[in-house]
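Down below is the structure, laid out as C-alpha cells.
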Amino acid sequence: MTHRPRDTPTTLSRRNALLALGGLGAGTMLLDACTVTRGTAPISTAGLAKNPASGRKTTINMFSLWGGPTGQGLAALAKQYEQSQSEIGVRITYAPATGIGVQQKLQVAIASGDPPDVAQIVPYETPQWAALGIMTDLTPYLKRDGLGQKDFIKPAWHDMNYQGKIWQLQWDADPNFPFFWNKDLFEKHGLDPDKPPQTIDEVDEYSKKLLKKSGPNITQIGLIPWQTYGFANSMFTWGFAFGGKFWDPDKQRVTADSEYVVKALEWMVRYAKTVGGANRVSVAPPSLQLNPFATGNIGMAPMVATDYKNIKAAMKNMHIGAGLIPYQAPGADHPGQGAWVGGWAAFIPAQSKRKDAAWDFLKWMSATEAGTAAEWKNVGLVPTYFGGALETVKKDPVMNPFYTTLFATENVRPNIPVADFFAQSLETEVSKAIFGEKSALAALRTVNSDTQRELDRFKREVGQ
C-alpha cells in the first residue's frame with residue numbers, strides 16, 4: 001500500500017519548496033559534525049555509484065552524497081541488502097553536495113518531479129523538509145511493522161518525529177562528543193595522565209599548565225573550545241555543558257540568549273583572551289591531514305569517531321585517554337552533559353513512485369539487526385536501532401568511548417524548521433564574540449532575535 005505524504009496547510013510549488021531549502025539549507029553539511037565529501041573536492045568517484053542487481057521485480061534509486069570509503073561502504077551495504085531478498089534491486093546514484101553544503105542534485109530531481117526513492121538528510125532538518133511537503137509520512141509503515149520508540153535511542157527518536165508523525169529513519173548516530181586528552185602531554189607537565197578534568201573550572205586549571213608560547217603565538221594549548229567542529233557546534237557543545245537550553249518547546253521560542261548559554265560563550269571568549277587571542281593559536285601546520293590533536297600540541301579535545309580512529313591508526317605511540325566531556329555548575333551537574341547526538345538519516349521523497357520497496361530497503365538498513373550489522377561492517381557508522389550492531393560498537397576498543405557517550409547523551413540540537421538558519425547565525429555571531437567584535441550577550445541576542453524572526457516568517461509562509 002502506498003502512503004501519502006502529509007498535506008501542508010498551504011500549497012507550495014516544488015519550485016518554491018526548493019527555493020526555501022536552498023536559502024535555509026546552505027551549510028548543513030558544513031555544520032554537522034560528521035564529515036561529508038563535497039562535490040567540489042578533487043576525489044575519485046570509483047565505487048561510489050552502483051547498478052541494481054539484474055532480474056529484480058522492482059528497482060529503487062538511492063541518492064548518496066558520500067565520497068571515499070563511506071560512499072563505497074554504502075554501495076556495499078546495498079549489495080548485501082540485495083543478497084538478503086530477491087525482489088528489489090538498488091541503484092546508488094552519487095549525488096554529492098556542493099561546496100556550501102547544498103544537495104543540489106537532489107533538489108533539482110525533486111523540483112523536476114523525478115526524485116530518488118531514498119535520499120539522505122541531517123536529522124535536525126526534518127521539520128523544515130516535512131513542513132515543505134517533500135517527505136513521505138512513514139508513521140503507517142512503522143505501525144504496520146511494529147516499530148516504535150522502544151526500538152531507537154532516545155535522541156534519534158526525538159529527531160525522527162515532527163508534529164506527531166515519523167518522517168525519516170536515522171541510520172547513523174554521531175555521538176558529539178567524547179572528551180579526549182593527551183596522556184603524554186599531561187605527564188610531561190605534572191598532570192595525572194589518568195585523571196582528566198571533570199569540570200570547566202578544572203579545564204581552565206589544566207590549561208594554564210599546558211600553555212606554551214613562542215613570542216605572541218601559541219604553540220601548545222590545553223583546549224581550543226571554539227574549534228569544536230565550527231563555531232555553531234562549539235556553541236551547542238559548551239552551551240549544553242554549562243546546562244544551557246537553546247529552545248523552549250512549550251513556548252515555541254528560541255532561547256539562544258538564555259543564562260547558561262551566555263555563560264558558556266563568555267567562558268569561551270574569556271579563554272581566548274587568557275591565551276592571548278584566538279588569532280594567535282598556531283599549533284598545527286596548514287597542510288596537516290589529521291585532526292590537529294594529532295600534533296601533540298593540544299592537551300584536550302572533543303572529537304568525532306573518524307578523527308579519533310585516524311589518529312589511533314597514524315599515531316601509534318600517542319597515549320590518549322577518553323571520557324565524558326566536562327561540565328560546569330550550577331547549570332549542569334555531571335560530566336557528559338555537554339554531549340549531543342548528530343548523524344544522518346534517510347527518508348522517502350513524497351513523489352517517489354516506489355514507496356513500498358523504498359521502505360523495505362530503508363527499514364532493513366536502519367531498523368533491523370542484519371542491516372545495522374551491515375552498516376557497521378561496511379560503512380563504519382554507529383546505528384540508532386537497538387540491535388546487535390550497537391553491542392558490537394560497545395565491544396570495539398576504539399569505538400567504545402562513542403558508545404559510552406551515546407548512552408550518556410541527553411541533548412540534540414533544536415529540530416525546528418529553521419534549524420539551518422539557527423546554526424548559520426550561531427556560526428557568524430559566535431565568531432564575532434570569540435574575535436572580540438561583540439560581547440557574548442550581544443552576539444547571542446542577535447542570534448535569538450534573528451532566528452525567532454525567521455521561524456515566525458517560515459510558519460506564516462507554510463500556514464502553521
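Treating each Cα of the range 191-319 as an identical point scatterer and summing with the Debye formula, the log10 of I(q)/I(0) at q = 0.11, 0.13 Å⁻¹ comes to -0.44, -0.60. Reducing the range 289-306 and the range 307-345 to their Cα centroids gives an inter-centroid distance of 11 Å.
Each of 136, 176, 161 was scored by the projection of its Cα onto the charge dipole of the range 125-204, and the greatest displacement toward the positive side belongs to 136; charges sit on the C-beta of Lys, Arg, Asp and Glu. Over all pairs of different C-alpha atoms in the range 164-264, the reciprocal of the mean inverse distance, the Kirkwood hydrodynamic radius, equals 16.4 Å.
Only Lys, Arg, Asp and Glu carry charge here, each on its Cβ (+1 for the first two, -1 for the last two); on that basis the range 137-261 has a dipole of about 120 debye about its Cα centre.
Taking the Cα centre of the chain as origin, work out the dipole magnitude from +1 charges on Lys and Arg Cβ and -1 charges on Asp and Glu Cβ, in debye rounded to 20. It would help to have the intermediate numbers written out before the result.
Numbers: 48 positive and 43 negative charges, 160 e Å.
That gives the chain a dipole magnitude of about 760 debye.
Here the range 289-321 is scanned for amide nitrogen atoms under 18 Å from the site 7 Å beyond the Cα of residue 194 along Cα-to-Cβ, giving 319-321.
Normalised by the residues of the chain, what does the relative contact order come to in percent, with Cα pairs under 8 Å and at least six apart? Please report the intermediate quantities before stating the final value.
Details: 945 pairs, mean separation 111.7, N = 464.
Computed over the chain, the figure is 24 percent.
Return the equivalent ellipsoid semi-axes of the range 378-464 as a descending list in whole Å, where each equals the square root of 5 times an eigenvalue of the C-alpha gyration tensor. It would help to have the intermediate numbers written out before the result.
On the way: eigenvalues 257, 81, 19 Å².
The three semi-axes for the range 378-464 are 36, 20, 10 Å.
With bins 10 Å wide beginning at 0, the percent of Cα pairs of the chain falling in each bin runs 4, 20, 31, 26, 14, 4, 0.
So what's the range 306-464 giving for Rg/Rh, alpha carbon basis, Kirkwood Rh from the mean inverse pair distance? Working shown, then result.
Numbers: Rg = 20.3 Å, Rh = 19.5 Å.
Rg/Rh for the range 306-464 comes to 1.04.
Give a quick list of trypsin sites (Lys or Arg not before Pro) in the range 293-369 that DSSP marks as loop, anything other than H, G, I, E or B, with at most 15 other Cβ atoms within 10 Å. Numbers along the way, then the final one.
Values: sites: 309, 312, 316, 353, 354, 355, 363; in loops: 316, 353, 354.
Answer in residue order: 316, 353.
Taking GluC sites (Glu not before Pro) across the range 345-446, the ones in a DSSP loop with at most 12 further Cβ atoms lying within 10 angstrom of their Cβ are 437.
For the chain, give me the percentage of DSSP beta bridges that are antiparallel, rounded to the nearest 5 percent.
The antiparallel proportion sits near 70 percent.
Going by neighbour counts of Cβ atoms within 10 Å, the residues 431, 234, 449 line up, fewest first, as 449, 431, 234. Quick check: the angle from helix 355-367's long axis to the longest principal axis of the chain, C-alpha only, nearest 10 degrees? The angle comes out near 30 degrees. Rounded to whole Å, the principal axis extents of the Cα atoms in the range 184-230 read 30, 26, 17, largest first.
Any idea what angle helix 259-274 forms with the longest principal axis of the chain, computed on alpha-carbon atoms, 0 to 90 degrees, nearest 10? Between the helix axis and the principal axis of the chain, the angle is about 50 degrees.
To the nearest 10 degrees, how steep is helix 68-84 against the longest Cα principal axis of the chain, on a 0 to 90 scale? With both axes taken from Cα atoms, the answer is about 40 degrees.
Averaging Cα coordinates gives a centre for the range 409-450 and one for the range 188-251; these two points are 18 Å apart.
Sorting the segments 288-300, 69-81 by their residues' average number of neighbouring beta-carbon atoms within 10 angstrom, most packed first, yields 69-81, 288-300.
Roughly what percent of Cα-Cα pairs across the range 112-235 reach past 22 Å? The partial results should precede the final answer.
Numbers: 4358 of 7626 pairs.
Summing the P(r) tail past 22 Å for the range 112-235 gives 57 percent.
Only helices enter this figure: runs of n ≥ 4 DSSP H residues, each worth -39500 (n - 2.57), summed and divided by the residues of the chain, yield -12500 deg cm²/dmol at 222 nm to the nearest 500.
Laboratory data are not the source of any read-out in this text; all were calculated from the coordinates shown. As the structure is a computational prediction, the values presented were derived from the model and not from experiment. Every residue, glycine as well, gets a Cβ built from its backbone with ideal geometry; the counts of neighbours run over all protein chains shown.
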